[in-house]
Amino acid sequence: MTARPKLAVWKFASCDGCQLTLLNCEDELVPLAGEIEIAYFPEATRAVVEGPYDVSLVEGSITTPADLERIHQVRAVSRRLITIGACATSGGIQALRNFADVAEFRSVVYAHPEYLETLDRSTPVAAHVTVDFELRGCPVDRHQLLELLSAELAGRRPRIPTYSVCVECKRRGAVCVMVAGGAPCLGPVTQAGCGALCPAYSRGCYGCFGPQDTPNTRSEADRLRALGRDEVEVLRMFRTFNAAAEPFRQESRRHEAARQHPGQEVAP
């Protein structure tokens, strides 16, 4: 009898939302459990099966020296390593530290900052080890997650779109909140995956799934400015769940420079 492939799920700096998305796939997990062996998943079970693992799902960013050491250990025991969620793929909301003085934060927040061991930056897993696939989202979409697992079992590449949220708006017949209502929306530069959830309820996209494959962030920012948003507001829109994703990082830095030194551009 052929052994079932082993699945491991690992947590780094994160809120656990992406792991909970997997657990919320209750109906789908029952038949899936017959195809794979959940070998390591502390969020779901205490049982631990020794590696190596056929597939490792990694949630969370690298924020401490211990994280940095452990991610190399995870890579070493994983045939396929897949990052899930904004934290693992771009550094997450905690990557806002990348734009500030971490030492100052520690001194203000903690009574004994000397007890803490942390890195100055929150970085995606791919900055440190080879990643075989990245699944975006804050949190990831359950349908995309199931497609990913099915693709891994079948030995094919997952069918995950890389186009913008605007395509999803068109497909569900949602009126463009930016054109019709003048609402700030990052949909044109954000990767699809949520089904245009916020625009479908007359709210602008917040960029949960990070940059789409060809994001024109400068044009997007110009449109936001035309809608009456100032440099600070535009900067903040690009510094949320995927603040350290390179296209969003560069655009926010441009507006930071414009706010501090009007008329001056900043190098990426």
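The values are calculated or read from the model by the stated rules, or taken from the named source; none is laboratory data. Since the model is a prediction, treat every value here as computed from it, not as a measurement. Neighbour counts run over all protein chains shown; Cβ positions are idealised from the backbone, glycine included.
So the values come out like this:
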| item | result |
| --- | --- |
| Enumeration of residues in the range 210-238 that are under 20 Å from A126 (Cβ atoms) and either modelled with pLDDT under 95 or charged (D, E, K, R) (or both) | D213 |
| Enumeration of residues in the range 125-157 that are at pLDDT below 95 and not in a helix (DSSP H, G or I) | G155, R156, R157 |
| Criterion (assigned to a helix (DSSP H, G or I), under 23 Å from the mean Cα position of the chain (by Cα) and in contact (Cβ under 8 Å) with a residue 24 or more places away in the chain) met by exactly one of A66, A8 | A66 |
| Any hit, the range 201-217, residues being of a type outside the set (D, E, K, R), in contact with a Leu (Cβ under 7 Å, 6 or more places away or on another chain) and either assigned by TED's automatic domain parsing to the domain that holds G60 or not in a loop (DSSP other than H, G, I, E, B) (or both) | no |
| Answer from T162, T190 - the residue that is in contact with a strand residue (DSSP E or B) (Cβ under 7 Å, 6 or more places away or on another chain) and either in the same structural domain as Y53 (by TED's automatic domain parsing) or surrounded by fewer than 22 Cβ atoms within 10 Å (Cβ to Cβ) (or both) | T162 |
| Residue count for the range 158-199, restricted to those that are among the aromatic types (F, W, Y) and touching a helix residue (DSSP H, G or I) at 6+ places or on another chain (Cβ under 9 Å) | 0 |
| Conditions (1) under 30 Å from L116 (Cα atoms); (2) of a type in the set (F, W, Y); (3) touching a Ser or Thr at 6+ places or on another chain (Cβ under 9 Å): number failed by F41 | (3) |
| Of all residues in the range 11-51 being among the hydroxyl-bearing types (S, T, Y) and part of a loop (DSSP other than H, G, I, E, B), the one that is nearest to the chain's Cα centre (by Cα) | S14 |
| Every pair of residues 6+ apart whose Cβ atoms lie under 7 Å, when the first sits in the range 218-233 and is in the same structural domain as R253 (by TED's automatic domain parsing) while the second is buried (at least 17 other Cβ atoms within 10 Å of the Cβ) and among the small types (G, A, S) | E231/A258 |
| Subset of the range 96-117 (residues that are within 30 Å of G193 (Cβ to Cβ) and either free of Cβ contacts under 8 Å to residues at least 60 places away in the same chain or assigned by TED's automatic domain parsing to the domain that holds M237 (or both)) | R97, A100 |
